[in-house]
Amino acid sequence: MSLSNSRCGYTIALLLGLLLAGCSVNPVEEAAVTRARLEHKAQKVLATMLRDRPKLQAAIDTSKGYVIGLNDRLLLGPVSGSSGVALLVDSNEGTQTYLDIDDPYHQN
């Protein structure tokens, strides 16, 4: 076996191992990580919006709630993917709801 074939074999084995490891994630743990990531990003987006538009705080304070949506897109040549999540904040109830959102322009 040549050195380049050996490297290729190791690369394939590594990718297969990563794929299988990714498939073995506990859905509850994955949801918790996704929610924490969403909350962190949503707070950053909200802080930026409030910094750029200070009057927005009054609108948020008097509203029934708000939604912050985040969309991740992967483009690799002819292969693409998109996933979106949103954080719905209900100001009246003091609750947060996590939503999956679809990209209406993305076609599989």
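The values are calculated or read from the model by the stated rules, or taken from the named source; none is laboratory data. Bear in mind the structure is a predicted one, so any value in this text is a computation, not a measurement. Note that each Cβ is placed from the backbone with ideal geometry, even for glycine, and that neighbours are counted across all protein chains shown.
Considering each of 66, 10 in turn, give the residue that is closer than 21 Å to residue 97 by Cβ, of a type in the set (Phe, Trp, Tyr) and at pLDDT below 90. Spell out the reasoning first.
Values: 10 fails: closer than 21 Å to residue 97 by Cβ.
Going through 66, 10 in turn, the sole match is 66.
Within the stretch 79-108, can you find the residues that are exposed (fewer than 11 other Cβ atoms within 10 Å of the Cβ), part of a loop (DSSP other than H, G, I, E, B) and modelled with pLDDT under 65?
At the first step, the residues of the stretch 79-108 found to be exposed (fewer than 11 other Cβ atoms within 10 Å of the Cβ) are 79, 92-95, 100, 102, 104-105, 107-108.
Within this subset, residues satisfying the condition of being part of a loop (DSSP other than H, G, I, E, B) are 92-94, 102, 104-105, 107-108.
Within the stretch 79-108, 104, 105, 107, 108 qualify.
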